[in-house]
Amino acid sequence: MQQFNLVDYGIAFAGVDLPDDRAEAAPVVQDIIDRRGLYIRHLKVDVLPDLPQKQFQRIFVPLSLSSSKCTIPHCRTSSSISSA
């Protein structure tokens, strides 16, 4: 709720009396967010411009024939089925 107060200057929750009990307040807060909430999206490049570029590395792990049958049945070839 604090993020909404900061972003929209408290407009979303203006005039709303929240119950003191968190369990009772939760549906009230969710309703206000759904009906009056303001969402702002920032791009990572704008917020954190010093982040390095993403890096990807593929690591291939060999599977035994029995493991490949158990984990990837749709990838089995006819030669691996006949050799079993």
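Where a number appears in this text, it was derived from the coordinates with a stated rule and is not lab data. Nothing here was measured: the structure is a model prediction, and the numbers come from that model. Backbone-built Cβ (ideal geometry, glycine too); neighbour counts: all protein chains shown.
Just to check I understand the Karplus step: with θ = phi - 60° and J = 6.51 cos²θ - 1.76 cosθ + 1.60, what whole-Hz values come out for segment 24-32, glycine and proline as x?
6, 6, 4, x, 5, 4, 4, 5, 5
Any chance you could run the full-extension gain for Gln53 through Ile40? It's 0.36 nm times the residue separation minus the Cα-Cα distance, nm to one decimal.
Numbers: separation 13, 0.36 × 13 = 4.68 nm, distance 2.38 nm.
Between Gln53 and Ile40, full extension yields 2.3 nm more.
Can you run phi through the Karplus equation (6.51, -1.76, 1.60; θ = phi - 60°) for segment 12-21 and list ³J(HN,Hα) in whole Hz, with x for Gly and Pro?
4, 9, 5, x, 9, 9, 8, x, 5, 6
For the residues Leu38, Leu51, what sequence is obtained by ranking on other C-beta atoms within 10 Å, fewest first? It would help to have the intermediate numbers written out before the result.
Numbers: Leu38 12, Leu51 9.
Taking fewest neighbouring Cβ atoms as first place, the list is Leu51, Leu38.
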